[in-house]
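Novice: Can you read through this structure? Questions will come right after.
Just so it is clear, none of the values below were taken in a lab; they were calculated from the coordinates. Here the structure is a predicted model, which is why all the values come from computation and not from measurement. Here the Cβ is made from the backbone with ideal geometry for all residues, glycine too, and neighbour counts use every protein chain on show.
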Amino acid sequence: MPTFISASSIDQRKRLLGISACMTLAFALLFLRLVQLQVLRYDELSAKAQDNYTRDQVIVADRGTIYDRKGRVLATNRPTFDAYLLPRKVSNTRSFVSQISVILELDALDRLELTELINSSGSIRKKRLAEDISKSQVAALEALNARLGGLSIKVRYQRLYPEGEVGAHLVGYLGNPNAKEVRERKLYPNQMVGRYGAERLYDHLLQGQHGVERFVVNVKGKKVNEPWAQAVSERVAYRKPPSRGRDLVLSVDAHVQSILYRALDGYESGSIVLMDPRTGELLGSVSKPSFDPNVWSGRLTKEVKRSIDENPYKPLIDKSVNSFFPGSIYKVVTALAAMEEGVLDPEQPIESPGAYEYGNRVFHCHKLSGHGRVDLNGAMAASADVYFYKLGERLGIDTLARYAQHFGLGERMISMNGESKGVVPTKEYHDQHTKGGFQYGLSLSSAIGQGAVRTSPLQMAVSFSALANHGIVYQPQLLLNTQSANGERLETFKPQIKRRLDANPYHVNMIRKSLERAVNDRRRATGYRAAVPMGKVAGKTGTAQVKTIVRGHHKQREQRWRDRDHAWFAGFAPFESPRLTVIVFLEHGGSGGKDAAPIARRVIEGYHQEIEPIFDTQAQLRLDQYAPQQRGDQGEIELRSF
């Protein structure tokens, strides 16, 4: 008899097969998920799990120290101590407030606020009470904490600038990074970075590499040292020590900086730059008024910042790299251009009266009676304006600009402290920036360093160094070498030549000779107050007019400060074999001859007497080696006279 399978039995078997298939699929998916979690993503998930009970703490690297050329400290780190209040741990509020008030010298209002803070400390776990406290205060606070609790002393490193405001613009200061720097440079919000001067320029060398330490934490994120934590620590602990930043040795001399800063006594605003013309090394650079970098590096108060911001003489502007009207010190550019272009015979006298008519304008000389017929030596010594007006007329403004650029004018020298490129005007420049466009009379103004011409003291130091060393334009050098904490030299930086003047050596030497006459010509020299008894100084004074005034009606000291002329002196010493280039700039300081030149003398004498002797009393002037080269058919030059 045949066997029949009921429909219900078939349905049941189908259901069992479906359930089995689903269970098999579920277990397969679970298995695959386990493989993914336990094998494929093991490292990722293990790290995430580890993050739940470990923390990585950054160990900030020590910043490198900055030294001067003789090993004196210009910027370093010193430990400072901050006191923090732990309100919940104070055992006796009244006694605590009474005793800490004596230690920290708190007044009645401070005591009241501290009492309220302790009594209402529901959500406050820690608050800084005082920063940069003395060691005696640290000892007293630690004793108080042992008796009544509620205190924590934290140590941090504060930047210290032993020279204070002397040369502060050059060394600079530190500050906290902004959000963009934190993001792009991968900095930490509490990490101090260079904000000014060498601190900013060489921040990448001074910073160092931060370290990291990993430790076990509890559910509240606090470090724990219990037995289980110590066992885990052996497996997950990690420590990468920080790498200290490099120490820097700068070319400046702290003693020289002091000499320069003292030399500016009595003047509200200005700058002095001292350079070695043989190498381009900056021996000193100061700007006045200055500021205290110790205050600006993390301890700046609103009151101090307000006083700086409201100071009319702008302490935070580095006058050594800011550009101003150069006045007559620019005449060296005009003289070299004229000789190189064949429009000037330096030995041929040219009539230089008290005024010069050009078109519908009259260009005046600073001496209303004029200077008569003068050659280059006499014109440079007396600063005869009309002599140079005539040269500017013959050359044209674009030719003047081309030779100015040979000296490095119109370009940044060191890219520090918001350095200005200055202005070397051309026809195109005036067409774009001057109302009415270029006018030919503007060439005459440019020839004596007025009009639109702007240069910085640092640029003029490079230019006059090129004359002092017979034609080499050096890149200003501030960094001599880097070294490790133990003094091992890591990298040495050599002098860098930007270019050569590519000028006839005879022409360069004739300018040098005229600059010597501008200081030592007893009859004509406007710079005679820069002369020293132990040797010869070469240089040029400059008095740059910033506002049109009627000469002789008012003395400079009677004008408002911002209406006075800028005063300059640019020169080098000793004349025979220069070792110093000195640039003195006095913002609205009056007269180049009466104000700037005596300062240059004090700087040169101070260096000779306090740093090292630079004058050889046996040195003799030797010009024969720079005999005239072939000068073509220049002959006698006749310039138009109106």
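Novice: List the residues, sorted by chain then number, that are 5 or more residues from Leu74 or on another chain and whose placed amide H is less than 5 Å from its amide H.
Specialist: Ile66, Tyr67, Asp68
Novice: Next question, about the same structure. Can you give me the P(r) profile for the range 375-456? Cα pairs, bins 10 angstrom wide beginning at 0, each as a whole percent.
Specialist: Here the calculated profile for the range 375-456 is 18, 44, 30, 8, 0.
Novice: Please report the net charge: other residues with Cβ closer than 13 Å to the Cβ of Val249, K and R +1, D and E -1. Walk me through the intermediate numbers first.
Specialist: Numbers: positive: Arg69, Lys70, Arg72, Arg246, Arg489; negative: Asp68, Asp247, Asp253, Glu281, Glu488, Glu491.
So the environment of Val249 carries a net charge of -1.
Novice: Follow-up question, since we're still on this one. What's the ranking of 607-616, 328-337, 473-482, 443-452 by average number of surrounding C-beta atoms within 10 Å, highest first?
Specialist: In descending order of packing, they fall as 328-337, 443-452, 473-482, 607-616.
Novice: Between Arg94 and Glu612, how many nm apart are label points set 7 Å from Cα along the C-beta direction?
Specialist: Here the answer is 7.1 nm between the modelled labels.
Novice: Whose amide H sits under 5 Å from the amide H of Gly370, counting only residues 5 or more places off or on another chain, with H placed in the peptide plane?
Specialist: Under 5 Å from the amide H of Gly370: Gly354.
Novice: Relative to the compact globular guide of 2.2 N^0.38 Å, what is the alpha carbon radius of gyration of the range 443-599, as a ratio?
Specialist: Against the compact-globule rule of thumb, the ratio is 1.22.
Novice: Across the range 79-157, what fraction of all alpha-carbon pairs, as a whole percent, falls in each successive 5 Å bin from zero upward?
Specialist: 3, 16, 30, 28, 17, 5, 1
Novice: For the range 433-487 and the range 159-178, what is the separation of their C-alpha centers, rounded to whole Å?
Specialist: 26 Å
Novice: Students often check this: by mean Cβ neighbours within 10 Å, which of 88-95, 177-184 ranks highest, and how do the rest follow?
Specialist: Working: 88-95: 14.1, 177-184: 11.6.
By packing density, highest mean first, the sequence is 88-95, 177-184.
Novice: How much length would be gained if the chain were fully extended between Ser369 and Leu25, taking 0.36 nm per residue of separation minus their Cα-Cα distance, in nm to one decimal? Walk me through the numbers before you get to the answer.
Specialist: Numbers: separation 344, 0.36 × 344 = 123.84 nm, distance 11.16 nm.
Here the answer is 112.7 nm.
Novice: Tally Lys and Arg at +1 and Asp and Glu at -1 over the other residues with C-beta under 14 Å from the C-beta of Lys127: what net charge comes out? Don't jump to the answer; show the numbers that get you there.
Specialist: Values: positive: Arg88, Lys89, Arg125, Lys126, Arg128, Lys154; negative: Asp82, Asp110, Glu113, Glu116, Glu131.
Net local charge, Lys127 excluded: +1.
Novice: Of the peptides 460-470, 350-360, 166-176, how do they stack up when ordered by the mean number of other Cβ atoms within 10 Å, highest first? Could the numbers behind the result be given before it?
Specialist: Details: 460-470: 25.5, 350-360: 16.4, 166-176: 23.8.
Result, highest mean Cβ count within 10 Å first: 460-470, 166-176, 350-360.
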